[in-house]
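A.B. asks: Before we start, here is the structure in question, set down as structure tokens.
The values are calculated or read from the model by the stated rules, or taken from the named source; none is laboratory data. Computed from a predicted structure; not experimentally measured. As a convention, Cβ positions derive from the backbone with ideal geometry for all residues, glycine included, and neighbour counts pool all protein chains shown. For accessibility, only protein heavy atoms count, side chains too; no ligands or nucleic acids. Shrake-Rupley method; radii C 1.70, N 1.55, O 1.52, S 1.80 Å.
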Amino acid sequence: MLKGCKHTKEAVEFAHWFGTDQASTGNLIKETGIYPAALTGLDNPALAEPNPFFGGQRIFDVFKDSATHVDPGFQWGPVMTKTSGALADGLGKAGTGTTTLDAALADTQAQTLAEMKTQGMDAG
């Protein structure tokens, strides 16, 4: 909870309910298209419902299968904010035809390595 929260106990209880309650999570799946991060959420019935936006396809079946293959030891890179920003910019330019995908990826790598060096990391 944030410092200064006047109702910490209630806020923690709400956050726990919001993220773990089957009905709450089901509503989030239906209304926002989120996918549960916890393996315990993979049994939520909302994941089996057809998605009208995607022509009635059961799109979460693919995610459910894929989720079982995620390495739980995965870690984000140390300068992921920089990497994500550079990648988003590069993909946007590639999408408009002002650069190529190869160039966008090479630039993302160069910016990531430069940021690592700026922060004193061995980028080699």
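A.B. asks: Condition first: open to solvent by less than 80 Å² (accessible area, probe 1.4 Å) and over 23 Å from Lys64 (Cα atoms). Now tell me which residues in segment 14-29 satisfy that. Full working, then the answer.
C.D. replies: Keep residues of segment 14-29 that are open to solvent by less than 80 Å² (accessible area, probe 1.4 Å), which gives 15, 19, 21, 23-26, 28-29.
Answer for segment 14-29, where residues must be open to solvent by less than 80 Å² (accessible area, probe 1.4 Å) and over 23 Å from Lys64 (Cα atoms): just Ala15.
A.B. asks: Applying the selection to segment 55-95, what residues are open to solvent by 100 Å² or more (accessible area, probe 1.4 Å) and hydroxyl-bearing (Ser, Thr, Tyr)?
C.D. replies: Of everything in segment 55-95, just one residue is open to solvent by 100 Å² or more (accessible area, probe 1.4 Å) and hydroxyl-bearing (Ser, Thr, Tyr), namely Thr81.
A.B. asks: Related question: With the requirement that a residue be open to solvent by less than 70 Å² (accessible area, probe 1.4 Å) and modelled with pLDDT of 90 or more, what does segment 30-54 give you?
C.D. replies: Passing the criteria: Asn44, Ala46, Leu47, Ala48.
A.B. asks: Yes or no: segment 101-122 includes at least one residue that is surrounded by 11 or more Cβ atoms within 10 Å (Cβ to Cβ), in contact with a Lys or Arg (Cβ under 8 Å, 6 or more places away or on another chain) and either of a type in the set (Gly, Ala, Ser) or in contact (Cβ under 8 Å) with a residue 40 or more places away in the chain (or both).
C.D. replies: yes
A.B. asks: Next question, about the same structure. Checking Ala11 against (1) at pLDDT below 90; (2) open to solvent by less than 90 Å² (accessible area, probe 1.4 Å), which single condition isn't satisfied?
C.D. replies: If we test Ala11 against (1) at pLDDT below 90; (2) open to solvent by less than 90 Å² (accessible area, probe 1.4 Å), just (1) comes out false.
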